[in-house]
Amino acid sequence: MSTLSRARFASATILVLTCTALTAGASPGSAADPTAIFQRDQPITFRDGPIEFENSDDISVPGAGAATPYPSQVEVEETGVVTDVNVNITFAHDRPDDLDLMLVGPQGQAVVVMSDAGGSEFTSTFIRLDDEGDTPLPDEDNIDEQFTSFFLPANYGSGADAFPTPAPTPTTSGPALGAFDGTSPTGTWSLYVADDEAGAAGVIDSWRLDLQTAAPGTYPSTLPVAGIGTVADVDVTLRGFTTEYAEDIAFLLEGPRGQRTVLLNESGGGSDESVDEPIDIRFDDEAPFEAPEDDALEATSYQPTDHDDDLPLGQFPWPAAPIGQGYPTTLSVFDGTDPSGTWRLYGYDDKGGDEVTSIQGWSLHIRWSDPSQPGGSVVVAGGAARTGTSTVALSLSATDPAPGTGVTHMRLSNDGATYAPWVPFAATTTWALAGGHGTRTVFAQFRDGAGNVSDAVRDTIVLDTKAPRAKKTRPGDGERSVRPGATIKVVASEALAGPTVRAATVKLFRGAERVAAKVGYDASDRRILVDPKADLAPGDYRLKVTTRVTDVVGNRWDQSTKGGRQPLVVIFRV
């Protein structure tokens with residue numbers, strides 16, 4: 001085997017993306033659609049590639065059977081992950097249709113890249129087998145007469161090709177070189193060549209393996225997104241971008257639902273228009289202009305730009321996308337999609353060379369819709385049934401359904417029609433009830449960061465401004481035939497605060513002397529009970545309920561609305 005050579009091949013270079021920790025933040029806006037910013041700090045450098053691994057020793061193909069050597073091999077010391085494989089072959093054969101070629105990678109993948117192709121006429125030519133080739137190898141036509149030397153691998157004929165031992169069995173039924181994508185390139189690559197029909201012979205003068213690799217996890221650069229709603233608009237920022245030759249650089253953005261768009265390609269001029277100082281470039285469908293084709297890139301916003309109309313879908317190496325129609329150049333392809341999941345940025349140099357390009361990181365600016373209204377509750381005075389003051393404490397709670405922008409504001413009302421101005425949401429506040437004595441209702445609404453307003457919630461409380469008084473006494477005022485063992489009773493107009501009903505606030509006198517008595521309160525029927533400790537002696541008595549007796553909300557006793565607060569005074573005779 002000849003000495004293996006490793007040379008730069010003027011084609012494609014993958015960006016090597018060195019991942020660092022992810023930092024993501026969301027900043028809800030006050031407009032109808034909030035914006036979330038997700039950022040990855042990920043310095044980018046360029047890896048040389050593809051790298052050539054060539055074996056220039058002749059492979060002699062006999063009239064039938066295995067070629068010599070069998071297999072022909074190259075050793076690869078390159079590390080990382082394979083993103084693209086091409087095979088270049090220079091050969092001469094009397095009948096190419098007899099040739100069978102199988103490439104086997106160091107991890108055991110075995111792909112028949114050429115079989116029963118090229119017709120039956122003598123051919124001496126160079127071919128490149130490439131999954132992104134112009135056309136499949138011809139079946140019956142002469143390869144020399146084709147207008148291209150870049151072919152898709154092809155395996156014609158019926159049945160499996162029987163390669164002599166020690167060749168392995170092909171691991172895939174198709175001829176696609178993509179079977180090697182995602183594998184490790186390190187180790188021995190083998191080319192097995194055989195002639196499956198007696199008679200014609202030939203020679204392979206040399207073959208070369210072109211490997212394109214990237215460091216594991218660096219192509220593409222990934223950015224997880226979570227916690228936001230449907231996409232309304234997407235912008236992308238490349239941070240700290242520098243380059244000596246921007247025209248070679250291409251960037252592709254892929255969303256978690258599979259939509260893709262080219263951000264930049266064939267833009268920014270050549271070496272005379274380098275970007276020496278790091279700049280931030282933002283891609284925005286609403287930017288006023290595209291990136292320049294011939295002038296240097298600047299720190300500004302551009303529309304996604306592709307100045308190469310011929311860019312095919314398969315030009316970005318695996319795992320960017322399958323081959324197919326061209327890429328769009330608009331970020332609107334993501335509008336209306338669910339952004340949750342992994343976003344991918346593919347960075348690619350489609351020419352290679354020694355130019356230096358670097359990017360320090362990239363950011364997604366996702367404006368998203370939050371159609372869900374928040375909900376919540378309001379509780380007046382801790383849930384009390386009554387209050388004696390019109391200024392009450394409110395407890396408020398509110399939530400915004402995920403993914404949401406969060407509750408940001410609230411407003412209050414006494415009638416559900418006229419509201420106070422919006423104020424920042426708070427879990428507690430004070431509020432002035434409207435009107436006088438009676439049942440009062442407090443209404444509350446909540447607003448999220450997207451401007452969605454909740455339905456009104458409410459709580460009620462009785463505003464009690466009336467003083468308690470006696471509705472009935474026993475004995476009655478002026479009664480003159482009370483028996484000595486009687487218990488004196490006062491029925492209040494409303495529930496009283498029991499602790500305020502005591503001997504110090506409810507008093508019984510005989511003349512000027514205080515009568516010893518037990519004072520109690522029966523809350524079940526709102527009765528004040530005065531039980532003398534001994535039978536009452538005959539004479540005149542006076543019962544006094546002072547204004548220090550209160551109802552449950554603190555209103556003080558007032559037996560008459562005239563002349564200020566008045567105690568209850570009941571005079572009777574035993």
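The values are calculated or read from the model by the stated rules, or taken from the named source; none is laboratory data. Fair warning: this is a prediction, and the values are worked out from it, not measured in the lab. FYI the Cβ positions are ideal-geometry reconstructions off the backbone, even for glycines, and counts take in every protein chain you see.
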Worksheet item: Can you name every residue in the range 389-410 that is touching a residue at least 40 places away in the same chain (Cβ under 8 Å) and surrounded by 18 or more Cβ atoms within 10 Å (Cβ to Cβ)?
Response: 392, 394, 396, 398, 400, 403, 404, 405, 407, 408
Item to complete: Go through 253, 223, 211 for me and flag whichever is out of contact with any Lys or Arg (no Cβ under 8 Å at 6 or more places or on another chain) and touching a residue at least 40 places away in the same chain (Cβ under 8 Å).
Response: 211
Worksheet item: How many residues are at negative phi and either touching a Gly at 6+ places or on another chain (Cβ under 8 Å) or surrounded by fewer than 14 Cβ atoms within 10 Å (Cβ to Cβ) (or both) when one looks only at the range 559-568?
Response: 3
Worksheet item: Is at least one residue of the range 184-193 in a strand (DSSP E or B), surrounded by fewer than 20 Cβ atoms within 10 Å (Cβ to Cβ) and in the same structural domain as residue 263 (by TED's automatic domain parsing)?
Response: no
Response to the item:
Only one of 200, 162 is out of contact with any strand residue (DSSP E or B) (no Cβ under 7 Å at 6 or more places or on another chain) and under 14 Å from residue 116 (Cα atoms), namely 162
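Mind checking which residues of the range 151-183 are among the polar types (S, T, N, Q) and in a loop (DSSP other than H, G, I, E, B)?
158, 165, 169, 171, 172, 173, 183
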Worksheet item: Can you name the condition, by its number, that residue 269 falls short on among (1) more than 20 Å from residue 235 (Cα to Cα); (2) of a type in the set (Gly, Ala, Ser); (3) at pLDDT 95 or above?
Response: (3)
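Yes/no per residue for (1) surrounded by fewer than 21 Cβ atoms within 10 Å (Cβ to Cβ); (2) under 23 Å from residue 199 (Cβ atoms):
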| position | (1), (2) |
| --- | --- |
| 57 | yes, no |
| 73 | yes, no |
| 92 | yes, yes |
| 103 | no, no |
| 148 | yes, no |
| 163 | no, yes |
| 166 | yes, no |
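Identify all residues within the range 273-295 that are among the aliphatic types (A, V, I, L, M), in a strand (DSSP E or B) and either out of contact with any Gly (no Cβ under 8 Å at 6 or more places or on another chain) or not assigned by TED's automatic domain parsing to the domain that holds residue 247 (or both); write none if there are none.
281
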Worksheet item: Which members of the range 298-325 meet the condition of being closer than 15 Å to residue 345 by Cα and at pLDDT 85 or above?
Response: 304
Worksheet item: Among the numbered criteria (1) more than 20 Å from residue 370 (Cα to Cα); (2) out of contact with any strand residue (DSSP E or B) (no Cβ under 6 Å at 6 or more places or on another chain); (3) modelled with pLDDT under 95, which single criterion is violated by residue 386?
Response: (2)
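Yes/no matrix, rows are residues, columns are (1) crowded, with 17+ Cβ neighbours inside 10 Å; (2) more than 30 Å from residue 537 (Cα to Cα):
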position: 442; (1), (2): yes, yes
position: 450; (1), (2): yes, yes
position: 453; (1), (2): no, yes
position: 480; (1), (2): no, no
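Listed here are the residues, each with its yes/no results for (1) at pLDDT below 90; (2) farther than 20 Å from residue 357 by Cβ; (3) aromatic (Phe, Trp, Tyr).
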{"residue": "212", "(1), (2), (3)": "yes, no, no"}
{"residue": "216", "(1), (2), (3)": "yes, yes, no"}
{"residue": "219", "(1), (2), (3)": "yes, no, yes"}
{"residue": "224", "(1), (2), (3)": "no, yes, no"}
{"residue": "235", "(1), (2), (3)": "no, yes, no"}
{"residue": "241", "(1), (2), (3)": "no, no, yes"}
{"residue": "244", "(1), (2), (3)": "yes, no, no"}
{"residue": "249", "(1), (2), (3)": "yes, no, no"}
{"residue": "255", "(1), (2), (3)": "no, yes, no"}
Worksheet item: Does at least one position in the range 51-73 carry a residue that is at pLDDT below 90, at positive phi and not β-branched (Val, Ile, Thr)?
Response: no
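Every residue, every condition in (1) in the same structural domain as residue 221 (by TED's automatic domain parsing); (2) more than 24 Å from residue 218 (Cα to Cα), yes or no:
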site	(1), (2)
332	yes, yes
347	yes, no
381	no, yes
390	no, yes
396	no, yes
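Of everything in the range 122-146, what is assigned to a loop (DSSP other than H, G, I, E, B) and over 23 Å from residue 162 (Cα atoms)? Give them in sequence order.
Hits for the range 122-146 are 122, 130, 131, 132, 133, 134, 141, 142, 146.
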Worksheet entry | residue 522 vs. criteria acidic (Asp, Glu), surrounded by 11 or more Cβ atoms within 10 Å (Cβ to Cβ) and in contact (Cβ under 8 Å) with a residue 40 or more places away in the chain | no
Worksheet item: In this structure, is residue 524 of a type outside the set (A, V, I, L, M, F, W, C) and within 60 Å of the chain's Cα centre (by Cα)?
Response: yes
Practice prompt. Hey, can you tell me all the residues within the range 494-518 that are touching a residue at least 12 places away in the same chain (Cβ under 8 Å) and either in contact with a Leu (Cβ under 7 Å, 6 or more places away or on another chain) or acidic (Asp, Glu) (or both)?
Written response: 494, 508, 515, 517
Worksheet item: Do we find a residue being over 26 Å from residue 56 (Cβ atoms) and in contact with a Phe, Trp or Tyr (Cβ under 8 Å, 6 or more places away or on another chain) anywhere in the range 81-102?
Response: yes
Discussion item. Going through 280, 335 one at a time, which residue ends up being in contact with a Leu (Cβ under 8 Å, 6 or more places away or on another chain), at pLDDT 90 or above and either under 30 Å from residue 370 (Cβ atoms) or of a type in the set (Phe, Trp, Tyr) (or both)?
Written reply: 280
Worksheet item: Which residues, counting only those in the range 204-260, are under 30 Å from residue 192 (Cα atoms), buried (at least 20 other Cβ atoms within 10 Å of the Cβ) and of a type in the set (A, V, I, L, M, F, W, C)?
Response: 204, 207, 209, 211, 214
Discussion item. Suppose we filter 18, 90, 45 for residues that are of a type in the set (Ser, Thr, Tyr), modelled with pLDDT of 75 or more and farther than 30 Å from residue 407 by Cβ; which single one remains?
Written reply: 90
Worksheet entry | residue 172 vs. criteria closer than 18 Å to residue 318 by Cα, under 48 Å from the mean Cα position of the chain (by Cα), outside the structural domain of residue 136 (by TED's automatic domain parsing) and surrounded by fewer than 22 Cβ atoms within 10 Å (Cβ to Cβ) | no
